[in-house]
Amino acid sequence: MGTQRNGFTRRESCVLAVDVGTTSVRCHVYDQRANIRGSCTKKVSLLYPEPGRVEMDPEELWQGFVTVVKGAVQDSGLQMCQMTALGISTQRATFTTWDRQTGKTFHNFISWQDLRAAEMVRSWNSSCTMKAVHGVMKVLHVLTRQKRFLAASLVVFTPQHVSLRLAWALRNVPQLKQAVDEGTCLFGTIDTWLLYKLTKGSVHATDYSNASSTGIFDSYQMCWSGFLCSLLSLPLSILPRMADQQAAMFGECCFDTGDVKITMGTGTFMDINTGNKPHTSVAGLYPLVGWKIGSEVVYLAEGNAAGTGTAIKWAQEIELFSDVKETDSMANSVKDSDGVCFVPSFSGLQAPLNDPKACAAFMGLKPSTTKSHLVRAILESIAFRNKQLFDVMLRETRIPIMKIRADGGVCTNDFIMQLTTDLLGRKISRPAHFDMSCLGAAFVAGLAVGYWKSKEELKKLQMSDRLFVPQSGKGGGCKDGVYKPVLQSWEEALQRSMHWYSQP
């Protein structure tokens, strides 16, 4: 027997997992029971060089990654040689470009929240070229009945996709254009950049899950879309090769068709497992590759709302409250929001409204409005967006819901969780540990090296903190639900906030 520390013998092994989020980089050390035995977190510094632009320093991010890995291993009391695998989960659709020979980046990471390409998005979506593409693809769908042509006939660009932000960079960063001409440019999302750094420049690759969120990946053919790249003048030569692994829903063990995951962090991401076929959406749900492990490919349909945690952080910064834990009791201290509606669109509105020009706003303010009313309105808006996304998901996919699990820092708020449960009219399980991105990365890495043997074994490791059950009479889905008029007022507020930044 070896010496012990934190409950370990020196002969034991563990799995490392890192989650690079929008606001922090976190690393956990997991044991065979999926218990966290060591942790380290470092804050991510977001840069705002101009209104609507959101960036991160690539070198600072890399140093943060190294720091948390070393810190988590040290915290566990183990040695690095006792780590059997490293899993990495990253925010998607944040990218940079760099020189193939020197590894030097041409610009900062351009975040998924960045709106610099919003005008290009509007211009492309209303262009004659897109109308022609849609028309041709509709004809091809009628002739072949292939869903990928139907998907192409409905495709629209959004600022959150990499595609037009990359096109913007190619137009506006002189060194980048020169490197492309000279054949020395590489492009990558955060996972690609970290892998490149970890392998000292020998590997330029990404996984299917990250690739499918870029807007230039064909989820039906499982490859980069030569058509979209040529349409936007994006050189295929700079794109990374494909590699297996990565699992957006692994941490929640949402392995079955109809399983739903709601991640509420900086933004809300609602995913439904659609099985072995990608979903073709009309309202703005995005077909993603959840994971590809060996020959198994599992698809997701995803809707998102960008301003979830951002709204709560903003409210704290303007001193509506001092501690986030206060928000639950503040919201419950008043019977309603006093007619106040909050629109959480700091980065525009996503599906189903899809308006990057919408503004964040409070509406319905009165002399009687208190801080508690404002806080309640903010928390309600998060639950209302959850209902919007869920209703679109149900209507479009027509897949029976098997289970719903929530995670992310915002899911610690009982008011938001209970109201979401009431509005959806479904039970929602909250895990004992909220950092499911890290756990998902650990599960995928552990499966790859045989640390865990099967997905059934992983299911047995699930631990729930609480099961939220709908309270009768409050469901917004019920016609006599008490929230129906509140929802209607909030939806009117959404409409009034739309196209705000298009005004002269």
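The values are calculated or read from the model by the stated rules, or taken from the named source; none is laboratory data. Here the structure is a predicted model, which is why all the values come from computation and not from measurement. In this analysis, Cβ positions are derived from the backbone assuming ideal geometry, glycine residues included, and neighbour counts consider all displayed protein chains. Surface areas here come from the heavy atoms of the whole protein model, side chains and all, with no ligands, DNA or RNA. Shrake-Rupley method; radii C 1.70, N 1.55, O 1.52, S 1.80 Å.
To the nearest 0.05, how large is the calculated FRET efficiency for ILE401 and ASP336 if R₀ is 35 Å and r is the Cβ-Cβ distance? Provide the component values of the computation, followed by the final result.
Numbers: r = 29 Å, r/R0 = 0.82.
The pair ILE401/ASP336 has a calculated efficiency of 0.75.
Work out how far the C-alpha atoms of the chain reach from end to end along every principal axis, then list the three figures in whole Å, largest first.
Between the extreme Cα coordinates on each principal axis of the chain lie 64, 60, 45 Å.
Contour minus end-to-end for SER322 and SER368, with contour as 0.36 nm per residue of separation and end-to-end as the Cα-Cα distance? Could the numbers behind the result be given before it?
Values: separation 46, 0.36 × 46 = 16.56 nm, distance 2.16 nm.
That works out to 14.4 nm of additional length.
In nm, give the distance between the simple-model label positions of SER429 and GLU182, each being 7 Å from the Cα along the Cα-to-Cβ direction.
Label at SER429, label at GLU182, 5.5 nm between them.
Accessible area per residue of the range 223-316 at 1.4 Å probe, in Å²? Don't skip to the answer; put the middle values down first.
Working: 2910 Å² over 94 residues.
That works out to 31 Å² for each residue.
Please report, as a whole percent, how much of the solvent-accessible surface of the range 28-91 comes from carbon and sulfur atoms (probe radius 1.4 Å). Please list the in-between numbers first.
On the way: 1550 of 3110 Å².
It is 50 percent, rounded to a whole number.
Taking 0.36 nm per intervening residue step and subtracting the Cα-Cα distance, what contour gain separates LYS484 from HIS107 on full extension? All intermediate terms of the calculation are to be shown ahead of the outcome.
Working: separation 377, 0.36 × 377 = 135.72 nm, distance 4.70 nm.
Net length gain for the segment: 131.0 nm.
Please compute the net charge surrounding TRP168, taking Lys and Arg as +1 and Asp and Glu as -1 over other residues with Cβ under 11 Å from its Cβ. Don't skip to the answer; put the middle values down first.
Details: positive: ARG53, ARG116, ARG165, ARG171; negative: ASP114, GLU119.
Here the count lands on +2.
Quote the charge dipole size of the range 151-229 about the Cα centre in Debye, to the nearest 20; the model charges only the Cβ of Lys and Arg (+1) and of Asp and Glu (-1). Walk me through the numbers before you get to the answer.
Values: 5 positive and 5 negative charges, 44 e Å.
Once rounded to the nearest 20, the dipole reads 200 debye.
Enumerate the whole-percent occupancy of each 10 Å bin, from 0 to the last occupied one, for all C-alpha pair distances of the range 194-352.
All Cα pairs considered, the percentages come to 9, 28, 29, 20, 10, 2.
At 37 °C and 0.692 mPa s, grab the translational diffusion coefficient of the range 288-346 from Stokes-Einstein with a Kirkwood Rh over Cα pairs, rounded to a whole number in µm² per second. Write out the running numbers ahead of the final one.
Numbers: Rh = 14.8 Å.
Diffusion coefficient, whole number: 221 µm²/s.
Quick one: if the Förster radius is 41 Å, what FRET efficiency do SER233 and LYS43 give, using the C-beta to C-beta distance and rounding to 0.05? The partial results should precede the final answer.
Working: r = 37 Å, r/R0 = 0.90.
Between SER233 and LYS43 the formula returns 0.65.
So, with a 1.4 angstrom probe, what is the percent of accessible area on the range 362-504 that is carbon and sulfur? Don't skip to the answer; put the middle values down first.
Numbers: 3680 of 6770 Å².
That fraction is 54 percent.
Would you compute, from DSSP H runs of 4+ residues alone, the mean residue ellipticity of the chain at 222 nm, taking -39500 (n - 2.57) per run and dividing by the full residue count, rounded to the nearest 500? Don't skip to the end; give the middle numbers.
Values: 16 runs with 178 residues, N = 504.
It lands at -10500 deg cm²/dmol.
What is the sum of charges around ALA211, taking Lys and Arg as +1, Asp and Glu as -1, for the other residues whose C-beta is under 11 Å from the C-beta of ALA211? The partial results should precede the final answer.
Working: positive: ARG92, ARG241, LYS292; negative: ASP191, ASP207, ASP218.
Combined, the nearby Lys, Arg, Asp and Glu give 0.
Which net charge results for the neighbourhood of THR199, defined as the other residues with beta-carbon distances under 14 angstrom from its beta-carbon, given Lys and Arg at +1 and Asp and Glu at -1? Mind dumping the intermediate values first?
On the way: positive: ARG100, LYS197, LYS200, ARG241; negative: ASP191.
Taking every Cβ under 14 Å from that of THR199, the sum is +3.
Over the range 262-344, with every protein chain in place, what whole percent of the accessible area is carbon and sulfur at 1.4 Å, could you tell me?
Details: 1630 of 3100 Å².
With neighbouring chains kept in place, the figure for the range 262-344 is 53 percent.
Which of the trypsin sites (Lys or Arg not before Pro) found in the range 184-242 are in a DSSP loop and have at most 14 neighbouring Cβ atoms, other than their own, within 10 Å?
Details: sites: LYS197, LYS200, ARG241; in loops: LYS200.
Hits after loop and neighbour filter: LYS200.
Please work out the average accessible area per residue across the range 1-148, using the 1.4 Å probe convention, and give it in Å².
Values: 7400 Å² over 148 residues.
With all protein chains present, the range 1-148 gives 50 Å² per residue.
May I ask which residue of SER76, PRO49, THR129 lies farthest towards the positive end of the charge dipole of the range 40-161, with charges of +1 (Lys, Arg) and -1 (Asp, Glu) on Cβ and the Cα centre as origin?
Of SER76, PRO49, THR129, it is THR129.
So, R0 is 35 Å and r is the distance between the beta-carbons of GLU60 and LEU394; what FRET efficiency does that work out to, to 0.05?
Working: r = 41 Å, r/R0 = 1.18.
Once rounded, the FRET efficiency stands at 0.25.
Sticking with the crude label model, points 7 Å out along Cα→Cβ, report the distance from THR199 to LEU154 in nm, one decimal please.
3.6 nm
Given the whole protein assembly as supplied and a 1.4 Å probe, what does the accessible area of MET363 come to in Å², nearest 10?
50 Å²
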